[in-house]
Amino acid sequence: MLLKIVTPERVVVEAEVDAFYGKTLDGMIGIKPRHIPLVTPLDIGVMSYSINGQKYPLAVMGGMLSTDGKSVTVLSDAAELTGEIDAIRAKQAKERAEAELRKLDDKHTNAVAQKALTRALTRLKLVSAK
Ligand code: ATP
């Protein structure tokens, strides 16, 4: 099954895989060959694919997944493999987002800072799991 993970900047992954494990807004989903045709939005989180039984995790910053059972395409604003993540940058992004969120009282939310925090935590989860 051909997996393509594409961002506006680059092709992050283009490979023959056994399976792709994505985080949708409704929970985790496993896509293997002959999966029913599907288009679904993705959450921000750690996802993975496997080649010959070996799992490769990556951070995907939301987007859309589509499959026809023969291939899987993920289109996302950003995605990085474990080795591509700059841990210091992610830590700084986390601190910035947390500082923004600290400015709020409990009646307000800041969706932009909340999402930035989720992106940073997703990246940090991958580098600490290395
Ligand atoms: P930052 O505030 O550090 O830019 P961000 O979450 O706002 O973080 P994104 O908008 O998700 O960043 O991504 C912008 C671009 O920078 C994308 O190409 C993404 O892959 C890359 N990127 C962001 N953070 C990192 C990181 N910690 N390591 C490697 N690449 C990163």
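The values are calculated or read from the model by the stated rules, or taken from the named source; none is laboratory data. Predicted, not measured: the structure shown is a model, and the values here were computed from it. Cβ sites come from the backbone with ideal geometry, for glycine too, and all protein chains shown count toward neighbours. Side chains included, ligands, DNA and RNA excluded: accessible areas come from the protein's heavy atoms. Shrake-Rupley method; radii C 1.70, N 1.55, O 1.52, S 1.80 Å.
The residues of the chain have, on average, 61 Å² of accessible surface per residue, using a 1.4 Å probe with all protein chains present.
Summary value for the chain: 23 percent relative contact order, contacts being C-alpha pairs under 8 angstrom separated by 6+ residues.
Using θ = phi - 60° in the Karplus curve 6.51 cos²θ - 1.76 cosθ + 1.60, the 3J(HN,Hα) couplings for region 24-32 round to 8, 5, 9, x, 6, 9, x, 10, 10 Hz; x is entered for Gly and Pro.
Dipole magnitude for the chain: about 240 debye, using +1 per Lys or Arg Cβ and -1 per Asp or Glu Cβ, origin at the Cα centre. Summing Lys, Arg as +1 and Asp, Glu as -1, what charge do residues with Cβ under 14 Å from the Cβ of Lys91 carry, Lys91 excluded? Once positives and negatives cancel, what remains is +3.
For Leu3, neighbours were defined as the other residues whose beta-carbon sits under 12 Å from its Cβ, and their charges (Lys and Arg +1, Asp and Glu -1) total 0. Solvent exposure of His108, expressed as accessible area, is near 110 Å², computed with a probe of 1.4 Å over the protein chains only. Put a plus charge on the Cβ of each Lys and Arg, a minus charge on the Cβ of each Asp and Glu, and nothing anywhere else: the dipole of region 23-86 about its Cα centre is then about 440 debye.
Convex hull volume of the C-alpha atoms in region 2-82, normalised per residue: 74 Å³.
Measuring against 20 Å, Cα to Cα, the residue pairs Lys55/Lys115; Lys55/Lys125; Lys4/Lys91 contain Lys55/Lys115; Lys4/Lys91 as the ones spanning a longer distance.
A simple spin-label model places the labels of Tyr21 and Ile51 1.8 nm from each other, with each point 7 Å out along Cα-to-Cβ. Could you state the angle between the C-alpha long axis of helix 111-128 and the longest principal axis of the C-alpha atoms of the chain, as a value from 0 to 90 degrees rounded to the nearest 10? Tilt relative to the chain: about 60 degrees. Taking Asp105, Asp77 and ordering them by how much accessible surface each has at a 1.4 Å probe, largest first, produces Asp77, Asp105. Expressed as a whole percent, the accessible area of region 72-130 that falls on carbon and sulfur atoms is 52 (1.4 Å probe). Of the residues Ala19, Pro33, Ala99, the one whose Cα sits farthest toward the positive end of the charge dipole of the chain, with +1 on the Cβ of Lys and Arg and -1 on the Cβ of Asp and Glu, is Ala99.
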